Number of protein chains: 2
Amino acid sequence: MTKPLLTVLEGAEVKCPPVWLMRQAGRYLPEYREVRSRAGGFLDLCYSPALAAEVTLQPITRFGFDAAIIFSDILVVPHALGQGVRFEEGHGPVLDAIRDRQGLSGLSREGVTERLAPVYEAISTVASRLPSATALIGFCGAPWTLASYMIEGGSSRDFLEVKRWAYGDPDAFAQLIDLLTDACAEHLGRQIDAGAEVVQIFDSWAGVLSSREFERWCVAPMQAIVARLGDSHPGVPVIGFPRGAGLGYEAYGLRTGVTAVGLDTTVPLPWAVEAVDAIVQGNLDPALLVVGGAPLRAEISRIRQVVGDKPFIFNLGHGVVPQTPPENVALLVEWLRQ
Amino acid sequence: MTKPLLTVLEGAEVKCPPVWLMRQAGRYLPEYREVRSRAGGFLDLCYSPALAAEVTLQPITRFGFDAAIIFSDILVVPHALGQGVRFEEGHGPVLDAIRDRQGLSGLSREGVTERLAPVYEAISTVASRLPSATALIGFCGAPWTLASYMIEGGSSRDFLEVKRWAYGDPDAFAQLIDLLTDACAEHLGRQIDAGAEVVQIFDSWAGVLSSREFERWCVAPMQAIVARLGDSHPGVPVIGFPRGAGLGYEAYGLRTGVTAVGLDTTVPLPWAVEAVDAIVQGNLDPALLVVGGAPLRAEISRIRQVVGDKPFIFNLGHGVVPQTPPENVALLVEWLRQ
């Protein structure tokens, strides 16, 4: 049986755009909260193959999405490189911030994929249990976004520490980016070996850089990762998600070599389907999934009308928020497929 | 004596672009921290004409910028409309959030400009003390950004409450936007009466909306404010700053009627000087002012080269951050004017 997501990523036509949602396995689902409550910490859930597989499959069972995305976190890569990473309830991630060249020496590429073996095991488990038309997506964070978390020690308002380093000592910063580029390419390759059929790379903080720094720290490393995967795993589609890149989406589509780009909510879809040289995915505002009803339905229609019969992957412009009523997600899938 | 900022805003050529910086009066200056420490709360500082005038003039005295911007806060408008607003040290603003139509009824346009009289008094004081080549800028927050603070109750990560209202009950939300449009136009008009020669409107959260909602809640109200000021105070230049608008900058320049647009850091300057139908201002990354040295100097040169002899206002893409060494600001002005 064919998988609509893979068909679209080959550039072929399908009757209805395939749909999956970023953070489709998450706190808005009661069955997720149930598993989460018995998993211990958030990283314990990520590193438990059985539980990670279970929550990955939950939204597939409930909504019949066209793709599952493995339940994990972008920060497992810094963690596997040797950095301290904790998730505190209601506070987001906290990392033992790296502040200088010396901090880099505490990171080691040795044994990274061994430490990430539970992720690959979860992928194998999910691959064996998925419906035959459902694709499986692996993922990682992009080097710039990972470096931001690693240097800021968590989320940031102004990204001052990471920019201070990137602008003030670009050679040392490039060492970190290169290390992350290697680790990401390897982590994605191993996910593909384990059964991922598509990979998505999340550059969540691409939108805080000036256009020249975006080229250097987002576009170039992405190009390197795509090229590496093209050698090691030819033919596997890569989706890039440079959130907030604005006009940068054009350069990103043109120069990274990605198969598809995820559009954040702010990108005008009519512009993107013309200007971005890649298949597009996105970009429904997650807030509309909370609102539901007529406004949601109208936006689904508008999106379908804008993309017409161009290859397109239906998704949000950002992750599902915890306040989302699951019944709105069911309606989204139903209305989309009508 | 002519004022370079006003000359540029008339579209005429000047030898060197005029320069001022968003948040040029602020915590990075020891003399500001000194005044702040004896002002009581942050709002007390905003509402003390003598102290607000003093801190407004500090960066003019120290650096010789081409413009002073009155020291105040965008949240004085919700405060004057009757909403509870507090500033907590290290936490940013906290507002008594408005959550529904009923909450709107607690707001009143009556007496708004009376309550904001200290702002106008501070402007008069500054106007009488400024060097003759230095322009005076008044400002307010844009309706969408003010509504976000008013409904979220402060800063927000996902802007879910304000979007829930804007998408789910647009008619009620439009009442709030209309109220704010009126209050902003009036507040700006009074600032001009008091001596402001230019006004800037900060739409700090313009970058969280989809392109259609951006048109409705950012472009349209801005157009209304500009039109109102064009009637009441013809010839006074208006600078709009729709931070994060990305491609939306094009529509914003074309349809709002602003004289100039402030570009955030992510906008590619070469694109903006061609595509945006207004004089441009911006967009140096504030992090470069922290880094200083060769990277700062190189970026100043690049910006000057990109804009050539087009009318341009040198500024940051966002406010000066507290970690900025004041000596870097002095060097910026020196290098720019060389």
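Remark: spin-label model distance A:LYS15-B:ARG212 equals 2.6 nm, labels positioned 7 Å along the Cα→Cβ axis.
Grab the other residues whose beta carbon is less than 9 angstrom from that of B:GLY141, score K and R as +1, D and E as -1, and report the net. Don't skip to the end; give the middle numbers.
Numbers: positive: none; negative: B:ASP73, B:ASP203.
Taking every Cβ under 9 Å from that of B:GLY141, the sum is -2.
If you average the C-alpha positions of segment B:231-307 and of segment B:47-68 separately, how far apart do those two centres end up, in angstrom? If you average the Cα positions of each part, the centres end up 23 Å apart. Entry note, chain B: relative contact order of 20 percent, from Cα contacts under 8 Å with a spacing of 6+ residues. For segment B:4-337, list log₁₀ I(q)/I(0) at each q in 0.07, 0.13, 0.15, 0.16 Å⁻¹, using the Debye formula over Cα point scatterers of equal strength and ignoring solvent, two decimals each. Reported log10 I(q)/I(0), two decimals: -0.26, -0.97, -1.33, -1.53.
Given Cβ point charges of +1 (Lys, Arg) and -1 (Asp, Glu) and nothing else, what value in debye, to the nearest 20, does the dipole of the protein assembly as shown about its Cα centre take?
Values: 56 positive and 76 negative charges, 16 e Å.
Magnitude of the dipole: close to 80 debye.
Scanning chain B for DSSP H helices at least 20 Å long along the axis (C-alpha atoms) with a Kyte-Doolittle mean no lower than -1.0 picks out B:49-63, B:170-194, B:293-307.
Among beta bridges identified by DSSP and lying wholly in segment B:4-337, the antiparallel ones come to about 15 percent. Report the residues of segment B:137-157 in range of a label on B:LEU104: point 7 Å along Cα→C-beta, backbone N strictly under 18 Å from it. Zone members listed by number: B:143-153. Between A:ILE98, A:VAL306, A:LEU160, the Cα set farthest toward the positive side of the dipole of chain A (charges on each charged residue's Cβ, about the Cα centre) is that of A:VAL306.
Indicate, rounded to the nearest 5 percent, the antiparallel portion of the DSSP beta bridges found entirely in the protein assembly as shown.
Working: 8 of 57 bridges.
Percent antiparallel among DSSP bridges in the protein assembly as shown is about 15.
In the protein assembly as shown, the DSSP-assigned H stretches of four residues or longer account for a calculated mean residue ellipticity at 222 nm of -14500 deg cm²/dmol, using -39500 (n - 2.57) per stretch and the full residue count as denominator. Amide H contacts of A:GLN200: A:GLY138, A:PHE139, A:CYS140, A:ILE239, each under 5 Å away and 5 or more positions distant or on a separate chain (H built 1.01 Å from N in the peptide plane; Pro and chain starts excluded). Once the Cβ-Cβ distance of A:ARG86 and A:ALA330 is raised to the sixth power relative to R0 = 51 Å, the FRET efficiency obtained is 0.90.
Pair-distance distribution of the protein assembly as shown: all C-alpha pairs, bin width 20 Å, starting at 0; shares per bin in whole percent are 18, 51, 28, 3. Pairs of lysine residues in the protein assembly as shown that meet both criteria, 8 or more places apart or on different chains and Cα atoms under 14 Å apart, total 4.
Calculate, in nm to one decimal, what B:THR7 and B:ASP193 gain on full extension: separation in residues at 0.36 nm each, minus their alpha carbon distance. Before the final figure, lay out the partial values.
Values: separation 186, 0.36 × 186 = 66.96 nm, distance 2.03 nm.
This chain segment gains 64.9 nm when fully extended.
With a cut-off of 17 Å on the backbone N, the residues of segment B:174-203 near the modelled label site 7 Å out from B:ARG129 along Cα-Cβ are B:195-196. Summary value for segment A:146-300: 17 percent relative contact order, contacts being C-alpha pairs under 8 angstrom separated by 6+ residues.
Across the copies of the chain, B:THR7 has label points (7 Å from Cα along Cα→Cβ) spaced 6.6 nm apart, shortest distance listed first. Placing pseudo-labels 7 Å out from each Cα toward the beta carbon at A:VAL94 and B:ARG297 gives an inter-label distance of 4.2 nm.
Would you work out the charge dipole size for chain A about its Cα centre, treating the Cβ of every Lys and Arg as +1 and the Cβ of every Asp and Glu as -1, and quote it to the nearest 20 debye? Each step should come with its number before you reach the end.
Values: 28 positive and 38 negative charges, 114 e Å.
The dipole magnitude comes to about 540 debye.
Can you work out the base-10 log of I(q)/I(0) for segment A:100-200 at q = 0.12, 0.22 1/Å, using the Debye formula on its C-alpha atoms alone? Evaluating at q = 0.12, 0.22 Å⁻¹ gives log10 I(q)/I(0) of -0.49, -1.09.
Laboratory data are not the source of any read-out in this text; all were calculated from the coordinates shown. All values reported here derive from a predicted model rather than from experimental measurement. Methodologically, a virtual Cβ is constructed for each residue, glycine included, from the backbone with ideal geometry; neighbour enumeration extends over all protein chains shown.
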